[in-house]
């Protein structure tokens, strides 16, 4: 069965997914003999995927807490029981005993939960609850060789960084002989930018905007169609298009000149002699001649009326002499007028298409070269951007047998559970389709849950209609996206048909989050919008909102909700929203709400920042995206200031910054004139020690020569410790996150201080800490960030954002069938006939005049739908109170809120002014004033564990770290390293080859290594431990209760859950080696593994010792 849940906000999507996961994990399933029995390790056959890391972490926590809670249900207090009661009751009803067919008993459920919880703790890494991207990365890691990806690749999430690096590489080639065409293209682009009044310095920004398309799944298919064209080709097509447009414009003006020669020279008339004068048909022809009316502006309706004999050229009471002069040219003038109309009507569609196309061709001309630069950077650095993964594994997942895929993964999933399916892209769906098809063929249960109305990530490739099609049992109509020319469409179609036969649509439409009044208001508003605000020809919006209506629980529904809509009059240069929001917060506080009960949701980041700054200025505590940035921490900024001084001691600004931050944040001083004079003298001194001397005089002694000897991470720790920054509890989360970043950077990228300082400038506006739990502060965030959250009070200010496309929106237009010779390039030399097959277009109303009208209309509806979904998400976050407000700026132009979501509310309340309380239930019971819990866990001091031993450990690791292996000559350690890296015998040549290519071993060592490893792997008793299917753990750490760490070299976990432990040794056989192996085996038995074998492998001699 493949259940498709179409959910609504607050209906329990995550609850449903977690419940189904627990049900599968705790149920009985057929074993290899076909007998149905319970297995506490069955959870490893369930794959649950969701959209964000936070959602995955929440799901894992919920599974663990529920299992633990049910297993200890009898000993829990009342509050703890309530947290698991709903899960417990449903599991008792839905899990059956295979022997009796009846629901299992409470004791049996508690027993199964305890056993599963115990195994899960010891095999936590096998709990497959992750994001889609994380699972995709696992597949890529298993097929690096087939995909041509470096063995030791790293995942890059920073599209801005990698594209910026590609742009720099591109610009560095300007002026080089072999890149003369690239230089020409960039020179012309800069010249055009100058003509448009843009600075040449904005070239980088322009190129980076273009480059982002390279790393976006949405553009992948279109970019593939352009692969046959070079930068010169695009430039030639651009020249042809421009030439065509110029020809039409010149012909248009020629006809205007011809008409005016007839009027002014042959008939000696003036425009005032004609009907309507300058605004009439003749006046229009004069403006065409003078260039005041462009071809794209269209033909005057009065000229068309004259040509169609619906109006006259001349006035009704025209003097006979003038009329006689006109009659001498009437026939010729009418011919010219008709030619003007015919020219426009026959060419305007082609002309408009060319005009819109020409705007983007200069970007396409640079796209291929920029793509090559980005690919080169990825290959050189070993960092692959995450966007490449979905496309990379598409053919592998669709073409390779699913059992082989699972064999390479080391896992076999019987059940696939997908959350937030409305945000899944078509490529991601295609990659999961074979796994689901394989599962269904074995009669296993699968599940998808999502809410198409909450699809707000279309810009990331999310495809909301997939969920609707599946839910309506239209799986065969999905028309999935495939690479051009793919020959396996039949395979996809067959799988879609198979899947569609197993679909079981369900609806989750009970809102258990919000009060009845809020639910009723949202139902009424959405009905009103669907009835009055959408166009009749639109088809997608009604399908998405087919299940918009929500119900409230019949038993004990939440009541007392409040919904209020405010229209704020805006005068010139005034901003009423901030003051209005403060008044609303104060009013809620007066009714007993705390700051943490209140959330302010904004469509735009700038509005969120404005309100955060305003509330902070009024001493209202705030949690916002900016306040959660690590760079917002005064402690972190102080550390970075001193790191900059160490990195660039001759830079005056960095010394000024460090000095003033030290005085303000450490000593609490406000610099006076005397202090400023001392600081200025210190900064201007030529003595590089002046800064450190000044610091010593201020009471802090630091030796720069000593500090520079520290590694990057230890240096950060040292500065934090010397300034006692952990003494301020509020700074601890920021400092810990900063230290994590420093450690990660030093391990994955570089240990150089200058590299770290440079990277910090790129990352400082992205690194965040988690929202502090229990903080009594108003939450301010964008609507996108609020998804999945709930708040007692929601304020939605600035609820008048546009639902129309903006100047930056683009769509890809299909040009395959367009008969336009300007898009073609003839054969030249070895190059065949080629053409422009697709191109990006700005979403403007002009596209409605071209063959792209259908695409334009579709994008118009999608943009409307995106913004309606955003509004839906915002309105459904509130539990008890919902305040919607918008500014109304009146003008003579008409409706102030037209084409914005504000018009929904105007139409709903039939007014655009004043305050409207549209829902008010019975007031809830008075909220008790919350007493702040002063219970805190005090960290007396933060200790770095064994810094010296950490340094030694790091040096030890370098012995087997291939990139720093050149100085290590010990053959045994090299053999040890190879044995740790191989999974199966087939891996041996590749592993040794990589070592040799890096110069870590010479030819003589290669022979010795191969012979020694072959001796071990050829032993019959060793073969089962290097065969698939199995899970291989290399030096997996085991944390002991006393803090010690055990690290066996190789652990093999086979499908029957038996364990084999291999430990590689050199030298002579010792009894201590046996004792160590026995210790390993005991620990794995304590984890719940009953079949444990131990083997000691002596690499130099090839001896193998079995330890019982």
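Against the chain, whose longest principal axis comes from its Cα atoms, helix 516-532 is set at around 40 degrees.
Can you give the FRET efficiency to the nearest 0.05 for residue 198 and residue 177, using r as the Cβ-Cβ distance and R₀ = 22 Å? E between residue 198 and residue 177, to the nearest 0.05, is 0.15.
If you wrap the tightest convex hull around every Cα atom of the range 343-464 and split its volume per residue, you get 198 Å³.
Note on residue 64 and residue 107: with the Förster distance fixed at 22 Å, the Cβ-Cβ geometry gives a FRET efficiency of about 0.55. Placing a pseudo-label 7 Å from each Cα along the Cα-to-Cβ vector at residue 372 and residue 15 gives an inter-label distance of 5.8 nm.
Full extension of the chain segment joining residue 920 with residue 1066 gains 44.7 nm, where the gain is 0.36 nm per residue of separation less the Cα-Cα distance.
One decimal place: the segment residue 1002-residue 212 gains 280.1 nm when fully extended, by the rule 0.36 nm per residue minus the C-alpha distance. What angle do you read, to the nearest 10 degrees and between 0 and 90, between the alpha-carbon axis of helix 132-142 and the longest principal axis of the chain? The answer is roughly 60 degrees. Under 20 °C and 1.002 mPa s, how fast does the range 1-155 diffuse according to Stokes-Einstein, given a Kirkwood radius computed over C-alpha pairs? Answer in µm²/s, whole number. The Stokes-Einstein estimate is 124 µm²/s.
Stretching residue 814 away from residue 227 to a fully extended chain increases their span by 209.8 nm, per 0.36 nm per residue minus the current alpha-carbon distance. Mean sequence separation of contacting Cα pairs (under 8 Å, at least six apart), scaled by the length of the chain, corresponds to a relative contact order of 13 percent. Figure legend: label point modelled 7 angstrom from the Cα of residue 75 along Cα→Cβ; residues of the range 109-139 with amide N under 20 Å from it are 109-122.
Distance between the pseudo-spin-label points of residue 441 and residue 509 (7 Å out from Cα toward the beta carbon): 3.7 nm. Per-residue packing, averaged as other Cβ atoms within 10 Å, sorts the ranges 437-447, 778-788 into the order 778-788, 437-447, beginning with the highest. The packing ranking, built from the mean of other Cβ atoms within 10 Å per residue, places the peptides 139-148, 869-878 in the order 869-878, 139-148, highest first. Here residue 768 and residue 272 are evaluated by their C-beta separation; at R0 = 60 Å the FRET efficiency comes out at 0.30.
Computed over the chain, the per-residue total of -39500 (n - 2.57) for DSSP H runs of n ≥ 4 gives a 222 nm mean residue ellipticity of -15000 deg cm²/dmol, rounded to 500. Only beta bridges with both residues in the chain are counted; by DSSP, about 40 percent of them are antiparallel.
Both radii are taken from the alpha-carbon atoms of the range 761-892; with Rh as the Kirkwood radius, Rg/Rh is 1.18.
Only residues of the range 785-825 count here: report those whose backbone N is under 13 Å from the spot 7 Å along Cα→Cβ of residue 591, or say none. Those under the cut-off are 792-795. Direction-averaged projected area, Cα convex hull, the range 810-851: 3.4 nm², rounded to one decimal. For the peptides 189-196, 162-169, residues were scored by their other Cβ atoms within 10 Å and the scores averaged per peptide; the highest-first order is 162-169, 189-196. Rg and Dmax of the range 630-763, both derived from C-alpha coordinates alone, stand at 14.5, 46 Å.
What area, in nm² and to one decimal, does the C-alpha convex hull of the chain cast on average over all directions?
If I average the Cα hull's projected area over directions, I get 58.1 nm².
Between residue 31 and residue 572, the simple spin-label model (points 7 angstrom out along Cα→Cβ) gives 8.5 nm.
Values quoted throughout were computed directly from the atomic coordinates according to the rules given, and no laboratory measurement underlies them. Here the structure is a predicted model, which is why all the values come from computation and not from measurement. FYI the Cβ positions are ideal-geometry reconstructions off the backbone, even for glycines, and counts take in every protein chain you see.
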